[in-house]
Amino acid sequence: MKALILSGGKGTRLRPLTYTGAKQLVPVANKPILWYGIEAIVAAGITDIGIIISPETGEEVKTKTGTGDRFGAKITYILQDKPAGLAHAVKIAQPFLGDAPFLMYLGDNLVQSDLSLFIERFQQRNLDALTLLCSVPNPTAFGVAKVDEEGRVLQLVEKPKVPPSNLALVGIYLFSNTVHHAIANIQPSARGELEITDAIQYLIDQPKQVESFQLKGWWLDTGKKDDLLEANRVILDTLLETAVQGEVDESSQVIGRVKIGQGSQVVNCTIRGPVTIGSDCHLENCFIGPYSSVADQVTLVDTDLEHSVILQGAKVIGVQQRIVDSVIGQRAKLSVAPRRPKALRFMIGDDSQIELV
């Protein structure tokens, strides 16, 4: 069995962070979102992985993720020239996939699930497709499945006004090679894309063996700022282990589960976990509250921070108010100007969101 991870797209919902990088490489608890998916796939026993990349961010994905050695996998990169749909991604990946069954995984998803259970169900029942579903409170925002009592998928509806169920498509699928025939027989949707839901519906109508598997743990789509912060909170809550490798002076307090990377200096700070701090950071006269992730080479001075994500190389100096529920991008600088009269001065990029309270 092979795996196909989708890591293309433009990440418009996470702009301006994704103007300069792939959304799948935005870190959650200081690890790129994409890597969680790769690790889960390898843990399930699949080591031959194809990753769909876009012209805009593909080189960055390749450079950071590499050949797969660090994960115990072999990674093949497949260029999708334009975002023409999930089924189109499978179509261009067919030379890599061959006739092998495969797992398809959207690279900006995070799930709390052992994928081997999903794979075992697919293999034992000799299915043509298996969709992973999750109960959600707002099904009108998702692709939704109508299933029978035995879990067979009867119908898929994209963002329905009247949902047939509250079971959303998670973005993880298993397919046999019959899906290639299905994709060859569907037409682009109204938005001009080959939809994977249409290909699955084609299999249902044949009829082929299409079933569902309901996720019992959490599922996080990290496409927006608040989703990213929630993913960061959940990962820190469930996976973070204490490891203090940097220097913490005697006037500092480190409370709870906290990870501090090599080369980082903590001077006269209070850090209350769960918190992760990367390597080569400088923190001085700060309070770092729960559910915060600070990436490598970040400088924080005279700053209070809570439930936030600070990306690599950012500097926050002398801010008088506590920073909460925030994402601060790579190499960004946030400081207080000493001039009078007191005023706010900004240089804010396209699609930024600023809240002053």
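The values are calculated or read from the model by the stated rules, or taken from the named source; none is laboratory data. Please read these numbers as outputs of a predicted model, since none were measured by experiment. Here Cβ is always computed from backbone atoms with ideal geometry, including for glycine, and neighbour counts include all displayed protein chains. Only protein heavy atoms, including side chains, enter the accessible area calculation; ligands, DNA and RNA are left aside. Shrake-Rupley method; radii C 1.70, N 1.55, O 1.52, S 1.80 Å.
List the pairs from LYS91/LYS315; LYS62/LYS333; LYS74/LYS146; LYS64/LYS159 whose alpha-carbon separation is above 32 Å, in the order I gave them.
LYS91/LYS315; LYS74/LYS146; LYS64/LYS159
Around VAL275, what is the net charge, scoring Lys/Arg as +1 and Asp/Glu as -1 over all other residues with Cβ under 9 Å from its Cβ? Working shown, then result.
On the way: positive: ARG257, LYS259, ARG272; negative: none.
Residues close to VAL275 contribute a combined charge of +3.
With every protein chain kept in place and ligands, DNA and RNA left out, what is the accessible area per residue of the chain? Probe 1.4 Å, answer in Å².
Per-residue accessible area for the chain comes out at 49 Å².
Name the helices (complete DSSP H segments) of the chain with a Cα length along the long axis of 15 Å or more and a Kyte-Doolittle mean of at least 0.5, or state none.
33-43
Rounded if a/c is under 1.5, else prolate if a/b beats b/c, else oblate: with a ≥ b ≥ c from the C-alpha gyration tensor eigenvalues square-rooted, which is the stretch 135-197?
oblate
Which ³J(HN,Hα) values, rounded to whole Hz and listed in residue order, are derived for the stretch 50-57 from phi using the Karplus coefficients 6.51, -1.76 and 1.60 in 6.51 cos²θ - 1.76 cosθ + 1.60 with θ = phi - 60°, glycine and proline given as x?
x, 10, 7, 10, 9, x, 6, 10
Which three lengths, in whole Å and largest first, does the stretch 17-89 cover when its Cα atoms are put on their principal axes?
31, 28, 19
Would you work out if the stretch 151-303 is rounded, prolate or oblate? Take a ≥ b ≥ c from the square roots of the eigenvalues of the alpha-carbon gyration tensor; rounded if a/c is under 1.5, else prolate when a/b is larger than b/c, oblate otherwise.
prolate
For a bin width of 10 Å, list the pair-distance distribution of the stretch 1-151 built from all Cα-Cα distances, rounded to whole %.
In order of increasing distance, the bins hold 10, 38, 38, 13, 1 percent.
Which far-off residues, 5 or more places away or on another chain, put their amide H under 5 Å from the one on HIS282, with H placed in the peptide plane?
Excluding prolines and chain starts, which carry no amide H, the hits are GLN265, VAL298, THR299, LEU300.
Distances over 14 Å make up what percent of all Cα-Cα pairs in the stretch 118-169?
On the way: 661 of 1326 pairs.
Percentage above 14 Å: 50.
Based on the alpha carbon coordinates of the stretch 72-125, what radius of gyration and maximum Cα-Cα distance (Dmax) apply, in Å?
Computed over the Cα atoms of the stretch 72-125, radius of gyration and Dmax are 13.2, 36 Å.
Treating only the Cβ of Lys, Arg, Asp and Glu as charged (+1, +1, -1, -1), what charge dipole size does the stretch 1-157 show about its Cα centre? Round to the nearest 20 debye.
Here the size comes out at about 420 debye.
Let me make sure I get this right: for the stretch 238-301, a, b and c are the square roots of the gyration tensor eigenvalues over alpha carbons, sorted descending. Under 1.5 in a/c it's rounded, otherwise prolate if a/b > b/c, else oblate. Which is it?
rounded
Considering only protein heavy atoms and a 1.4 Å probe, what is the carbon-and-sulfur percentage of the accessible area of the chain?
47 percent
If you average the sequence gap of Cα pairs under 8 Å that are 6 or more apart and divide by the length of the chain, what percent do you get for the contact order?
Over the chain, the number comes to 13 percent.
Where both residues lie in the chain, what percent of DSSP beta bridges are antiparallel, nearest 5? Numbers along the way, then the final one.
Details: 22 of 78 bridges.
Counting DSSP beta bridges with both partners in the chain, the antiparallel share is about 30 percent.
For the stretch 97-183, what are Rg and Dmax over the alpha carbons, in angstrom?
Using the Cα atoms of the stretch 97-183, the pair Rg, Dmax is 13.3, 38 Å.
Calculate the all-directions average of the projected area of the chain's alpha-carbon convex hull, and give it in nm².
Mean projected area for the chain: 19.4 nm², to one decimal.
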